[in-house]
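Take a look at the structure set out below.
The values are calculated or read from the model by the stated rules, or taken from the named source; none is laboratory data. Keep in mind that what you see is a predicted model, and the values were worked out from it rather than measured. Every residue, glycine among them, receives a Cβ derived from its backbone with ideal geometry; neighbour counts consider all protein chains shown. Just so you know, the surface numbers come from the protein's heavy atoms only, side chains and all, with ligands and any DNA or RNA stripped out. Shrake-Rupley method; radii C 1.70, N 1.55, O 1.52, S 1.80 Å.
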Amino acid sequence: MITGILLLVGLLVLILIGVPVSYAFLATAAVYLLFVLELPVVTVAQRVGTGADSFALTAIPLFLLAGSLMNAGGITRRLINFANLLVGWLPGGLGAVNIAVSVFFAGISGSAVADASAVGKAMIPGMVQQGYPRSFAAGVTAGSSIVGPIIPPSIPIIVYGLASGLPIGALFLAGVFPGLLFGLVILIMTVLISLRRGYPRMHRITWSHALTATRDAVAALIMPLIIVLGIVSGIFTATESAAIAAFYALLLAAVFYRELNWRDLPKVFLETAVLSAAILFIIALASAFGWVLIRSGFPQVLSGALADSGLGVVGVLLLINLALLVFGMFMESNAAILVFTPLLLPIAAALDIDPIHLGIIIVFNLMMGLLTPPVGMCLFVTSSIARLPVMTVARAAWPYLASAVVTLIVITYWPPLTTWLPSQF
């Protein structure tokens, strides 16, 4: 118990003094392996290697590749046109379009940072050109981007599935309704803000343009259905679905839409490789830390203490959410999932909390950390695109952070929102 607490405290201290999160994981895991378990130095490398040695993790670079191919192939622009058809007539039309595009793109890349980058590059300059404040354009882009890892496919959900051993197909289905609910909540928030500030609506488009926008978008919108239905039906695994998604995106961009030049592929592959390497490096080191945390016996002791605390399910879930909100401000989300999953699963089992429900709570909660300094990656991405200070974007994004808190409360205390759809398959 004491060792586990020291591990967590040591990790937090290293992060607070500015040590990169990945190296903080490595340092704390190495100290435990070398000085507590007294294992040889090579064991550190072995545990890190074991953390990355998973076939399921191959899905991460493949989903990122699918998103990069669709963005490079002009598919983001087509999704924007289709979103304009659906919600552009609302007050603050381009803000509503921004949110709808993020929801559509969520079914392609599975990454909030990738969504913020792809949608931000397309939407922020367009919104500024149409007279929207630069801060509002960046804030709505950052706020809507965190829907990406909730609606399937989702890289953080794959990571949770890997850490928990739960079926990824069921976890994907569990994220559908929470993701759509959050999209609806922030859409309402954007409309209310736009009404108060007098932001314009988009002009209604003609029937011919509507048909063209729908035709161009349908092929891209089929991808999430292929992925989810293929996994749920057992036709292919999550990793195989990621490969199919990447191949489908390549066909769409290069053959169907004919906007992807084959000479652009090396740039797309390099972009995917850099982002994938950063994510997988953190996952490997976080896995090593998670392993030593389990060896310390801390998760088992903590679950027993909370189960006997008399707080009940409502109180324990509140404590879990508060802890995740705090740690999510300082830790990369995928790494945090690997750390907290072994801690929280025994607690969920002791209190009869559905582990699928718990997974969506963890993922959604940690995605909120992408909107909070000092490690809010979506803030950094959108502030870079908008050429604004990070704190300016953070202030503009606070209504969406508040919307996320409201949605999290609903997800936490209304389990059927996450468990009903998986139970139907």
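Structure data summary
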{"item": "Probe 1.4 Å, protein heavy atoms only - accessible area per residue of the stretch 143-187 in square angstrom", "result": "19 Å²"}
{"item": "Restricting the stretch 229-284 to GluC sites (Glu not before Pro) in coil, as DSSP defines it, with at most 16 other Cβ within 10 Å", "result": "Glu259"}
{"item": "The stretch 23-179 - Rg over Rh from alpha carbon coordinates, Kirkwood radius", "result": "1.13"}
{"item": "Heavy-atom accessible surface of the chain: percent carbon and sulfur, 1.4 Å", "result": "71 percent"}
{"item": "Degrees separating the helix 75-87 axis from the principal Cα axis of the chain, which is the longest one", "result": "70 degrees"}
{"item": "Coarse-grained scattering of the stretch 69-140 at q = 0.11, 0.20, 0.24, 0.27 Å⁻¹, given as base-10 log I(q)/I(0) from a Debye sum over alpha-carbon atoms", "result": "-0.23, -0.76, -1.09, -1.33"}
{"item": "Per residue accessible area of the stretch 291-425, 1.4 Å probe, in Å²", "result": "40 Å²"}
{"item": "Cα-only radius of gyration and Dmax that characterise the stretch 268-425, units Å", "result": "17.3, 53"}
{"item": "Separation of alpha-carbon centers, the stretch 350-374 and the stretch 259-293, rounded to whole Å", "result": "23 Å"}
{"item": "Whole-Hz couplings from phi, Karplus 6.51/-1.76/1.60, listed for the stretch 227-232; x for Gly and Pro", "result": "5, 5, 5, x, 5, 4"}
{"item": "Computed P(r) (all Cα pairs; the stretch 95-247; 10 Å bins; percent)", "result": "11, 36, 33, 16, 5"}
{"item": "Gaussian network model of the chain, springs between alpha carbon atoms under 10 Å - residue of Leu379, Leu293, Leu39 with greatest fluctuation", "result": "Leu39"}
{"item": "Three-way shape label, the stretch 210-250, alpha-carbon gyration tensor, a/c 1.5", "result": "oblate"}
{"item": "Share of pairwise Cα separations in the stretch 100-186, more than 20 Å, in percent", "result": "37 percent"}
{"item": "Rel. contact order, % - alpha carbon contacts under 8 angstrom, at least six apart, the stretch 324-425", "result": "29 percent"}
{"item": "20 °C / 1.002 mPa s Stokes-Einstein diffusion coefficient of the stretch 1-107, Kirkwood radius on C-alpha pairs, µm²/s", "result": "119 µm²/s"}
{"item": "Which of Gly126, Pro178, Pro153, positive extreme of dipole for the stretch 114-227 (C-beta unit charges)", "result": "Gly126"}
{"item": "Principal-axis tilt of helix 238-251 within the chain, Cα atoms, nearest 10 degrees", "result": "30 degrees"}
{"item": "C-alpha long axis of helix 333-350 to longest principal axis of the chain, angle in °", "result": "60 degrees"}
{"item": "Viscosity 1.306 mPa s, 10 °C: Kirkwood-radius Stokes-Einstein D of the stretch 315-380 over Cα pairs, µm²/s", "result": "133 µm²/s"}
{"item": "Solvent-accessible area of Ser333 with every protein chain in place, 1.4 Å probe, in Å² to the nearest 10", "result": "10 Å²"}
{"item": "Mean-position separation - Cα centroids, the stretch 21-94 and the stretch 124-156, in angstrom", "result": "19 Å"}
{"item": "Over the chain, relative contact order from alpha-carbon pairs under 8 Å, at least 6 apart, %", "result": "27 percent"}
{"item": "Principal axis dimensions, the stretch 1-55 - Cα atoms, whole angstrom, descending", "result": "31, 25, 18"}
{"item": "Dipole magnitude of the stretch 161-300 about its Cα centre (Cβ charges: Lys, Arg +1; Asp, Glu -1), debye to nearest 20", "result": "500 debye"}
{"item": "Rg/Rh ratio calculated on Cα atoms of the stretch 175-248 (Kirkwood radius)", "result": "1.13"}
{"item": "Gyration tensor (alpha-carbon) shape descriptor, the stretch 169-325, a/c threshold 1.5", "result": "oblate"}
{"item": "Solvent-free Debye scattering, log10 I(q)/I(0), computed from the Cα coordinates of the chain at q = 0.06, 0.09, 0.11 Å⁻¹", "result": "-0.24, -0.54, -0.81"}
{"item": "Cα-based shape type of the stretch 224-299, given that a ≥ b ≥ c are square roots of the gyration tensor eigenvalues and the cut on a/c is 1.5", "result": "oblate"}
{"item": "Area accessible to solvent at Trp89, 1.4 Å probe radius, in Å²", "result": "110 Å²"}
